[in-house]
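One structure below.
What follows draws every value from the coordinates through simple rules; no lab data is involved. Remember, it's a predicted structure, so these values are computed and weren't measured experimentally. Backbone-built Cβ (ideal geometry, glycine too); neighbour counts: all protein chains shown.
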Amino acid sequence: MRRSILVLTFLCTAVVVPAVFVSERSSVAAPQHGFSVKQYEEFHDVLHPLQHEALPANDLRQIRSKSALLVKRGRAIVKIGAPASVSEANKEEFAKSLTFFSAALTKFEKAARKGTNERLKTSYIAVHDSFESLADLIPRR
């Protein structure tokens, strides 16, 4: 009887543990926001909780603490320029939006380092809004 309980426990563990690891790995790798460009997805991973949790709670300390990562991921977007998936009709508008986004990142970076809370909030909102303009110009998955 004791041996059968041990065998049953072993079999259950052998089935459940790998299933947990597979489900964790797939949830981490899967895009959550539907962007067709990896850099946009990674930027939005940082932006989303700031926009929907920190900003409404006026948690500017949280926004400041994530500012370096947000800027780093934003610079990755600027670096890739216009993705191949941007239509010819939208290339000019995309270039203007990308320039505005880059400038907004620079102002946000300065405000996060040594700006007032009001300046931080204003510059963060500009980063968010300019990112949304860019994201509207690329196809979603």
Within the stretch 117-141, the residues whose backbone N lies under 14 Å from a label point placed 7 Å from the Cα of Lys91 along the Cα-to-Cβ direction are none
Any residue on another chain or 5+ positions along whose placed amide H is under 5 Å from the amide H of Phe35 is listed here as Arg141
Note: the stretch 63-110, point scatterers on Cα, Debye, no solvent; log10 I/I(0) at q = 0.23, 0.27 Å⁻¹ equals -0.80, -0.97
Residues Val46, Val78 in order from fewest to most other beta-carbon atoms within 10 Å are Val78, Val46
Under the 7 Å Cα-to-Cβ spin-label approximation, Ala68 and His52 lie apart by a distance in nanometres of 2.7
Footprinting proxy, Arg140, Arg64: sorted fewest to most Cβ within 10 Å, the residues are Arg140, Arg64
Computed Rg/Rh for the stretch 32-136 (Cα atoms; Rh = Kirkwood radius) stands at 0.97
Listed by chain and number, the aspartates and glutamates with an alpha carbon less than 17 angstrom from that of Lys114, same-chain partners under 8 positions apart left out, are Asp59
The set of residues whose placed amide H lies less than 5 Å from the amide H of Asp59, leaving out same-chain residues fewer than 5 positions away, is none
